[in-house]
Amino acid sequence: MAQIALSDALQSNDLNRLIQLVKDDPSWDTVYNISDALKRLSFEDPSKIDDYTTTLAALQKSPEVPKILSNRNGKDEVDAFWDIFNPQIYHVITAVWGDRKVTAITPTNDYLVASILSGCAIRVGLCVSSAQIGEVTQGLQFPESEYKVHYKRKHYEVNAVGACIQVLAAGQAILKTGMLDESEFTERTLTIGQVVKGPVGKIIVEASKIYSIGDEV
């Protein structure tokens, strides 16, 4: 019942309801159920991801959210909500990235949906990590990213499109992370189109080019 209530609250972007549900049960299970709802709802309807991440960023930052009780190695521990929630969101975002079996550029490609989720999370401050930025540098083929070591040539197109999706979803926040060299980022964004062949991917890459030279998308 609590799991359904949390999912319903997130789906309707009801921040006050989410806060109350965490207050009612400030446990690890509640944190997990929120993150699980984010994953399920995001893959059901990627167009709502920006709304979900905005709501959860507000939840994560809210002074009204209580500390979380969890059990580690048989011992009860109390942690700030952010300390428990943020790593769980990181796991939701990055768990899909290890599976690149699907390389087609389609709305149902889990890797591309996870890229939307990552970019939106960066923009609103829900989750920002070197792993997320690493996907951008490998997708845009920064030489120091060792993308040739980690991925086969057949992955280059989907990786590039995923990186450009992150760029578009994150906006200026991706440079404000301080993890990207701006000049190299601009150069790679402007040249990565050579590995993208499909029409949908090309549209995404072109949009990220416009962003990279300072225009709003």
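None of the figures in this text is laboratory data; all of them are computed from the coordinates on show. The shown structure was predicted, so the numbers you read here are calculated from the model rather than taken from an experiment. When we count neighbours, we look across all protein chains shown, and the Cβ atoms used for this are built from the backbone with ideal geometry, even at glycine.
Dividing the summed -39500 (n - 2.57) terms of all DSSP H runs of n ≥ 4 by the residue count of the chain sets its mean residue ellipticity at 222 nm at -19000 deg cm²/dmol. Between the residues Gly171, Ala121, Thr189, the greatest Cα displacement towards the positive end of the dipole of the chain, with unit charges on the Cβ of Lys, Arg, Asp and Glu, is found for Thr189. When only alpha carbons are used to place a centre, region 146-217 and region 22-47 end up 29 Å from one another.
For region 139-186, the square roots of the Cα gyration tensor eigenvalues, ordered a ≥ b ≥ c, give a/c of at least 1.5 with a/b no greater than b/c, which places it in the oblate category. When you restrict to C-alpha pairs under 8 Å that are six or more residues apart and normalise by the size of the chain, the relative contact order lands at 16 percent.
Taking the square roots of five times each eigenvalue of the Cα gyration tensor of region 19-75, the equivalent ellipsoid has semi-axes of 24, 15, 8 Å, listed largest first.
Its Cα centre serving as origin, region 61-201 has a Cβ charge dipole (Lys and Arg +1, Asp and Glu -1) of approximately 440 debye. The alpha-carbon of Lys67 sits under 19 angstrom from the alpha-carbons of these lysines, leaving out residues fewer than 8 places away in its chain: Lys23, Lys75. For the residue pairs Lys39/Lys101; Lys154/Lys202; Lys61/Lys176; Lys101/Lys154; Lys61/Lys209; Lys152/Lys197, alpha carbon separations beyond 21 Å are given by Lys61/Lys209.
A simple count of charges around Ala5, restricted to other residues whose Cβ falls under 11 Å of its Cβ and scoring Lys, Arg +1 and Asp, Glu -1, yields -3.
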